Amino acid sequence: MLGGIIVKSPNKGLKSLKTGPIQANFEIRHDCDIIKCHSIVLCTISKFFRNLFDNDQNIDFYSLEINGGHESLIKVIDFLYGKKIHVNSDNIEMLYVFSLFFKIADLIKPLKNVFKDHLTLVTVFDSTKLFCRYKLDTKYHKRFICRHFIDLIKNDSFNTLPIEFLADVIGSDSLRITAEDQIVYWLLDFLLIKQSEALPLVDLLKLEYITQNTLFDLLKCPIIDPKRVLEKFEDAKQNPTKQRLMIIEEEIVQSALESSMSLTQDTQIGIIGYFIENRIPISIKVSSTHDPYFNSRNLLEIKDYHKCWYSIDSPDQFIMYDFYPYLVQPLQYQIRSYGGEKNSCHMKSWSLSGSIDQYKWTVLDSKKNNDALNSGYSLGNFEISDTRFVRFLRIEQTGKNWRGDNSMIVSYVEFFGRITKVHQ
């Protein structure tokens, strides 16, 4: 974090209360110390203290059970009095802990991005256990662990994480693995350590995606009920769930490129059209939906001009396609506007980005103040200069539309180029 960051308090003119003549009427007791405060100051930007005093107006102390970080606690209290905070790698974790516990939105917002960068393959274990112990939001821990799962399970500390938290990780579709079998073999070792306590994790496996040999190894585990697992396996085969966010290894990518198929405008069918025609599932994720009638599945109705996807009026709206188990190499793309008149909610500026892993994105094309879509059912044709193979494609609106708001409305998207199937 180098020199860290400075966070300024929104409270002005309250510093004099700390040392002024008005006597403090509240105590925070922590680590055998007492911090004297004014209840009216604590309520200004802390939702925790507002709720505390709403429930009991006569309360005059609070015993804080969070162990350690006393200096950071004092900094947070000083922040409520209007003093700025210097955040660095030594204090970020406890500052973030206290800001979450006291529900100080003005501190949580600037700290969260710094805290995300603080998590590493070494620090994430103790940090996760700390946040779980005090029932704080662990979404950034979960996101980090899902992303680095393969590396983290090699560390014995991984098996010391709370079962409830591990269940949240193992049940996530965002868990990045190269095969479902990796989770099974980690779980087999974990079952030997935790015994029946870990059995609920077995129900979170996506058995339809494991190999036959892995299934046999799972059935041989003395702790599980083989009959129940077989029943779940057969049911999963009949009713498969969404596959996880699989990592595609570089050597597999290179091998797949040798057998790609061309789908250009000359072939009369694009990549999405090919998927639809051959009943290959496409995962579409959108940033928001204005109304259920204008949902993202309308984007697959490529022959129906009148159906469209319509977002809410908020910045950073996007459409993202996941073509797994295929990789695509887009060379051109088309976007068709909806039926509104000129200068209505038609796209004006946007970017097209591609990614292999949904974390590192490369801009393949971008448009600014482009009027190709500024009329009803206009079909824009666009070339792509960066022609790499990717798994994900994302079209993101990068400014306001022609009406001047942030709504994003699209009736059709198609890509032309090459596709290849990946065999893990």
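The values are calculated or read from the model by the stated rules, or taken from the named source; none is laboratory data. Here the structure is a predicted model, which is why all the values come from computation and not from measurement. Please note: Cβ atoms are built from the backbone with ideal geometry, for glycine as well, and neighbour counts cover all protein chains shown.
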Specify which of the listed residues (Leu136, Leu152, Leu73, Leu166) is outside the structural domain of Ala198 (by TED's automatic domain parsing) and either at negative phi or aliphatic (A, V, I, L, M) (or both).
Leu73
Please specify each residue of the stretch 162-210 satisfying the condition of being in contact (Cβ under 8 Å) with a residue 40 or more places away in the chain and under 18 Å from Thr128 (Cβ atoms).
Ser172, Ser174, Leu175, Arg176
For Gly376, are the conditions met, namely being of a type in the set (Gly, Ala, Ser) and either buried (at least 21 other Cβ atoms within 10 Å of the Cβ) or at positive phi (or both)?
no
Looking only at the stretch 95-105, decide whether some residue is surrounded by fewer than 18 Cβ atoms within 10 Å (Cβ to Cβ) and either modelled with pLDDT of 90 or more or outside the structural domain of His141 (by TED's automatic domain parsing) (or both).
yes
Inside the stretch 277-293, the number of residues satisfying the requirement of being touching a residue at least 12 places away in the same chain (Cβ under 8 Å), in a loop (DSSP other than H, G, I, E, B) and under 22 Å from Asp173 (Cβ atoms) is 5
If you go through Tyr338, Tyr305, Tyr321, the only one that is of a type in the set (Ser, Thr, Tyr), assigned to a strand (DSSP E or B) and touching a Phe, Trp or Tyr at 6+ places or on another chain (Cβ under 9 Å) is Tyr321
Within the bounds of the stretch 254-263, is there any residue that is modelled with pLDDT of 85 or more and assigned to a loop (DSSP other than H, G, I, E, B)?
no
Give me the pairs, please: first residue somewhere in the stretch 211-223 and more than 15 Å from Leu191 (Cβ to Cβ) and modelled with pLDDT of 90 or more, second residue anywhere and aromatic (Phe, Trp, Tyr) and surrounded by 14 or more Cβ atoms within 10 Å (Cβ to Cβ), beta-carbon distance under 7 Å, and either six or more positions apart or on two chains.
Leu215/Phe233
Across (1) more than 30 Å from His148 (Cα to Cα); (2) buried (at least 19 other Cβ atoms within 10 Å of the Cβ); (3) out of contact with any helix residue (DSSP H, G or I) (no Cβ under 7 Å at 6 or more places or on another chain), Trp309 clears everything bar (3)
